[in-house]
Amino acid sequence: MSETFPVKLAVYDLSRGMARSLSAQFLGVPLDMIPHTAIIVYGMEYFFGAGIQSEAPAAFRRSVQMFPLQELDLGRTCVSQADFEAWCVAQMHSGRFSAAAYDLFQCNCNHFSHDAALIGLRLTRGVPHDILDVPQRVLASPMGQMIRPMLQNMQVTRAEGSEQVHAPFSNSAARSVDLQRKERAAASISNTNSNPWATTAPLNRQQSATSSSPAAVRDNRITSSVDAETLTTCLDSFTAPLLSKETSMLPLCANKLSALASNEETKSDLQESVKLLSESNLRIGALPSALVESIGGVISHSLAEQKSVSFALLLLRILVLRRNQDASWHSAVKPCLARVITEVRMGASLSGGILKPPSALAAAWLTCANAIGVHGLSCCKDSNLQLLFDAAAYHACTQTALPARQAVCAFVYNAALVVAVGGGIGELQVPLVCSSMSFADEKDATCRLCKLMTIGRMLKPSVDIDTDVKSLLAKMGALESLSQVALEDNGDSMDDTKCRTLAGELMQLLAN
């Protein structure tokens with residue numbers, strides 16, 4: 001009778017308990033864990049990341065300071081170790097489970113474990129479906145779809161010290177095992193923040209002691225203020241909100257909106273207001289309350305009738321800069337702003353509406369950016385801030401029209417200036433961080449700079465580092481993406497230069 005070997009499935013939680021407490025808030029999808037699985041057979045642990053790898057279970061767990069939540073009994077196999085490892089080599093050569101084949105959503109460590117059990121070891125039981133389905137559950141959420149490009153770009157590394165199943169797999173047979181180990185160590189250092197489904201990085205014991213208690217983390221948020229100040233000259237120059245104050249379009253706006261004015265007096269009010277705004281160098285307070293109310297009425301009519309909406313919003317973005325929230329603000333400006341906020345929130349899930357033209361959407365986000373930049377959260381305290389921030393995160397990652405994307409990136413940055421002051425990661429901070437993590441894929445230098453500025457202000461709201469945000473950025477692979485931006489040389493504009501400088505500073509903050 002042929003010899004048989006017991007086979008177990010080791011199930012790890014790469015989030016170390018954070019998924020259970022944060023996934024519903026972060027993704028809108030409750031998850032018990034971020035699963036990493038491996039096949040245990042022949043006294044070895046086989047897993048997939050940067051190719052198929054193996055290591056003695058005890059050695060692997062010591063190196064990553066992580067232990068399985070459970071070991072599932074998959075049965076016994078009559079396949080010999082030599083035959084199984086030959087199957088692994090064939091999978092590498094075919095490209096099915098090569099390092100280049102790794103895909104967070106379609107071909108991850110759990111897919112390897114499943115195929116290894118059912119095909120390589122010829123068992124009848126594989127990886128449970130609730131583990132295999134985790135990526136699709138993430139993608140089913142709007143936030144998961146939004147951050148998919150960022151997650152897909154994360155590269156995989158193998159745990160330091162692990163051996164490939166059969167080395168070498170190419171013509172590089174002359175390379176010594178010692179040289180291969182040195183290369184793996186270098187790769188491990190340069191790819192500290194790798195794919196969460198592929199890498200099990202050593203746990204920092206101090207972080208482990210504090211991460212279980214959010215209050216404890218916030219109490220221990222301060223890092224070296226002196227070091228932070230010396231490393232972030234570029235970041236520290238970004239302290240003021242980004243406000244849209246361009247007035248050259250105002251005469252055209254007044255002319256377009258005059259057709260909607262109910263009488264000649266209102267038309268005159270429009271022209272007089274534009275003249276005052278141009279001459280007073282945007283001293284919005286110089287506008288008499290009567291003029292504010294008259295203009296607000298025309299803007300409200302434009303939004304209601306869905307006529308000349310872009311021009312109405314370009315004028316509204318200037319009115320919201322009025323710092324004095326007097327009676328005219330509450331009666332004429334605030335209702336128009338509330339309508340705009342409602343429309344941009346709906347725009348993330350519905351097509352059409354008054355913001356269907358990209359020019360209208362851009363003007364709407366400029367209005368929101370000015371409002372939150374000048375008035376903080378009080379400008380939209382009667383609205384659902386969570387939905388507004390989620391809509392901003394969605395548009396920052398998906399909007400193809402450049403003016404609209406630049407406008408929403410300005411809003412996200414201004415919002416970050418406001419919410420970062422409280423510290424920590426809450427329901428308002430998460431969409432701002434997530435939307436900005438697409439900076440490495442951003443083609444426009446201005447948008448990329450805004451996203452980096454947002455991350456910087458969330459990470460370092462003042463002189464101290466927010467360790468909650470730092471931990472989240474590390475888990476999302478920010479260090480690798482920042483390195484990509486800091487080292488690239490694809491433009492010589494001022495924004496390109498600032499992006500490279502700022503990315504370098506943020507790398508230092510995350511590495512310290």
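For residues that are surrounded by 19 or more Cβ atoms within 10 Å (Cβ to Cβ), over 13 Å from the mean Cα position of the chain (by Cα) and at pLDDT below 85, scanning just the range 392-424, find the one that is farthest from PRO357 (Cα to Cα).
So the residue we want is GLY423.
Would the range 459-470 turn up any residue that is closer than 18 Å to ALA416 by Cβ, within 15 Å of the chain's Cα centre (by Cα) and open to solvent by 30 Å² or more (accessible area, probe 1.4 Å)?
yes
State yes or no: is ARG500 under 20 Å from ASP236 (Cβ atoms) and either in a helix (DSSP H, G or I) or of a type outside the set (Ser, Thr, Tyr) (or both)?
When the stated conditions are applied, ARG500 passes them.
Need the failing condition index for LEU479 against (1) touching a helix residue (DSSP H, G or I) at 6+ places or on another chain (Cβ under 7 Å); (2) open to solvent by 20 Å² or more (accessible area, probe 1.4 Å); (3) under 18 Å from VAL418 (Cα atoms), just the number.
Condition not satisfied by LEU479: (3).
Closer than 23 Å to LEU366 by Cβ and not acidic (Asp, Glu): is that true of VAL433 in this structure?
Spelling it out, VAL433 is indeed closer than 23 Å to LEU366 by Cβ and not acidic (Asp, Glu).
For residues that are in a helix (DSSP H, G or I) and over 15 Å from LEU509 (Cβ atoms), scanning just the range 481-494, find the one that is farthest from the chain's Cα centre (by Cα).
Here the residue is MET494.
Since SER359 meets every condition but one in (1) assigned to a helix (DSSP H, G or I); (2) in contact with a Lys or Arg (Cβ under 9 Å, 6 or more places away or on another chain), which condition does it not meet?
(2)
From the set of residues in the range 305-328 that are among the charged types (D, E, K, R) and open to solvent by less than 40 Å² (accessible area, probe 1.4 Å), which is nearest to SER248 (Cα to Cα)?
The residue in question is ARG317.
Of the numbered conditions (1) under 24 Å from ASP130 (Cβ atoms); (2) crowded, with 19+ Cβ neighbours inside 10 Å; (3) in contact with a helix residue (DSSP H, G or I) (Cβ under 8 Å, 6 or more places away or on another chain), PHE105 satisfies every one except a single condition; which is it?
(2)
If a residue must be at pLDDT 80 or above and open to solvent by 10 Å² or more (accessible area, probe 1.4 Å), how many such residues does the range 11-33 contain?
Selection size over the range 11-33: 1.
The values are calculated or read from the model by the stated rules, or taken from the named source; none is laboratory data. In this text, all values refer to a predicted model and were calculated from it rather than measured experimentally. Every residue, glycine as well, gets a Cβ built from its backbone with ideal geometry; the counts of neighbours run over all protein chains shown. Keep in mind that these areas ignore ligands, DNA and RNA; they rest on the heavy atoms of the full protein, side chains included. Shrake-Rupley method; radii C 1.70, N 1.55, O 1.52, S 1.80 Å.
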